[in-house]
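Asker: I'd like to ask some things about the structure below.
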Amino acid sequence: MPPTDASADTGAVPVHPGRSGPAEDSRDCEDTLDLRLSDEFLALVAGTTPASPGSSSQPGPLDVRDLLDQVGTWGPIKTPVGLFHLLPVHVERDLPIISGWMNDPGVAAFWQLAGSRAQTEDHLRAQLAGDGRSVPCLGMLDGTPMSYWEIYRADLDPLARHYPARPHDTGVHLLVGEVADRGRGLGSALLRAVADLVLDHRPACARVVAEPDLHNTPSVAAFLKAGFRYASEVDLPAKRAALMIRDRSLRHLM
């Protein structure tokens with residue numbers, strides 16, 4: 001999975017989960033999409049019954065794959081920096097802008113998706129064609145695309161091997177696309193807004209989680225400012241991360 005280090009407040013760039021920086025060898029990194037879940041397990045998680053073998057009817061996308069409560073229907077949310085809306089990625093429409101962001105030198109050093117559009121397209125389509133654990137989205141601020149997000153089921157992610165995950169834990173990854181939008185305080189404002197969206201629209205989710213690199217102080221600070229708390233340090237395949245959590249029970253206090 002892509003970064004959870006939303007360090008847009010200072011202009012620092014998120015570090016790819018499982019990678020501590022451009023010099024790291026990522027061959028041993030685990031990726032969300034490496035872990036495949038059976039239809040039976042997905043149906044159990046979603047609270048549905050999978051189609052029986054030989055049945056003429058097949059479960060539709062919302063029967064088995066709706067593991068994130070229809071992100072596309074969440075609608076906009078007011079923030080101190082404008083009206084924000086998560087819009088699920090449509091590859092044909094959004095690939096040029098997302099690929100352009102991935103080729104920004106500061107971004108490319110950590111996301112490692114610089115290069116042809118085909119490389120970014122593969123990354124997006126792997127999620128869109130997957131089992132529903134991760135939904136890639138454009139972040140629209142006052143109608144303008146300015147960030148890239150991944151909303152994912154942390155409890156069904158390889159991350160869950162490294163911390164005491166709870167059912168329906170939901171993770172967030174953020175990339176602020178334009179250099180001019182970094183270092184303006186947008187990151188923490190939007191992180192808070194997206195965490196609120198998750199908690200408002202996923203009633204079974206009690207926690208929103210993230211795992212920025214422990215040494216990425218600006219990123220950790222952005223999460224703290226957004227109402228997340230520092231929970232622990234976790235050793236991921238190629239980085240030591242700060243486990244950041246925003247609790248439903250504390251959302252009105254932090």
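Asker: Hey, can you tell me all the residues within region 225-241 that are touching a strand residue (DSSP E or B) at 6+ places or on another chain (Cβ under 7 Å) and surrounded by fewer than 19 Cβ atoms within 10 Å (Cβ to Cβ)?
Answerer: Within region 225-241, ARG229, TYR230, ALA231, SER232, GLU233, VAL234, ARG240 meet the criteria.
Asker: Would you mind stating whether VAL172 is modelled with pLDDT of 95 or more, aliphatic (A, V, I, L, M), out of contact with any Gly (no Cβ under 9 Å at 6 or more places or on another chain) and assigned to a helix (DSSP H, G or I)?
Answerer: Here the answer is no, as VAL172 does not meet what is asked.
Asker: Please find, among ALA180, ALA193, the residue that is assigned to a helix (DSSP H, G or I), more than 13 Å from the chain's Cα centre (by Cα), surrounded by fewer than 17 Cβ atoms within 10 Å (Cβ to Cβ) and not aromatic (Phe, Trp, Tyr).
Answerer: After applying the criteria, what remains is ALA180.
Asker: Do we find that TRP74 is more than 26 Å from CYS205 (Cβ to Cβ) and open to solvent by less than 20 Å² (accessible area, probe 1.4 Å) in this structure?
Answerer: Here the answer is no, as TRP74 does not meet what is asked.
Asker: So, of the residues in region 107-123 that are in a helix (DSSP H, G or I) and over 19 Å from the mean Cα position of the chain (by Cα), which turns out to be surrounded by the fewest Cβ atoms within 10 Å (Cβ to Cβ)?
Answerer: Selected residue: ALA118.
Asker: Pairs needed: first member in region 203-223, touching a residue at least 60 places away in the same chain (Cβ under 8 Å); second member anywhere, assigned to a helix (DSSP H, G or I) and of a type in the set (S, T, N, Q); C-beta distance under 9 Å; at least 6 residues apart or different chains.
Answerer: These pairs meet every condition: ALA210/SER219; PRO212/SER219; ASP213/SER219; ALA221/SER188; ALA222/SER188; PHE223/SER188.
Asker: Before we move on, is ALA206 open to solvent by 20 Å² or more (accessible area, probe 1.4 Å), touching a strand residue (DSSP E or B) at 6+ places or on another chain (Cβ under 9 Å) and modelled with pLDDT of 90 or more? Quick ask: steps written out before the conclusion?
Answerer: Values: open to solvent by 20 Å² or more (accessible area, probe 1.4 Å): yes; touching a strand residue (DSSP E or B) at 6+ places or on another chain (Cβ under 9 Å): yes; modelled with pLDDT of 90 or more: yes.
Here the answer is yes, as ALA206 does meet what is asked.
Asker: In this structure, does ARG166 turn out to be surrounded by fewer than 20 Cβ atoms within 10 Å (Cβ to Cβ), of a type outside the set (A, V, I, L, M, F, W, C), on the phi < 0 side of the Ramachandran plot and within 16 Å of the chain's Cα centre (by Cα)?
Answerer: Here the answer is no, as ARG166 does not meet what is asked.
Asker: Just to be sure, is VAL198 touching a residue at least 60 places away in the same chain (Cβ under 8 Å) and in a helix (DSSP H, G or I)?
Answerer: In short, no.
Asker: Of these, SER188, SER147, which one is part of a strand (DSSP E or B), open to solvent by less than 10 Å² (accessible area, probe 1.4 Å) and small (Gly, Ala, Ser)?
Answerer: Numbers: SER188 fails: part of a strand (DSSP E or B).
One residue alone meets the criteria, SER147.
Asker: Out of region 242-254, which residues are open to solvent by less than 10 Å² (accessible area, probe 1.4 Å) and either modelled with pLDDT under 95 or touching a helix residue (DSSP H, G or I) at 6+ places or on another chain (Cβ under 6 Å) (or both)?
Answerer: Selection gives ALA242, MET244, ARG246.
Asker: Answer yes or no as to whether PRO88 is farther than 30 Å from PRO203 by Cβ and either surrounded by fewer than 20 Cβ atoms within 10 Å (Cβ to Cβ) or not aliphatic (A, V, I, L, M) (or both).
Answerer: Numbers: farther than 30 Å from PRO203 by Cβ: no; either surrounded by fewer than 20 Cβ atoms within 10 Å (Cβ to Cβ) or not aliphatic (A, V, I, L, M) (or both): yes.
No, not satisfied.
The values are calculated or read from the model by the stated rules, or taken from the named source; none is laboratory data. What you see is a predicted model; the values in this text were computed from it and never measured. Please note: Cβ atoms are built from the backbone with ideal geometry, for glycine as well, and neighbour counts cover all protein chains shown. Side chains are part of the model used for accessible areas, which takes the heavy atoms of the whole protein and leaves out ligands, DNA and RNA. Shrake-Rupley method; radii C 1.70, N 1.55, O 1.52, S 1.80 Å.
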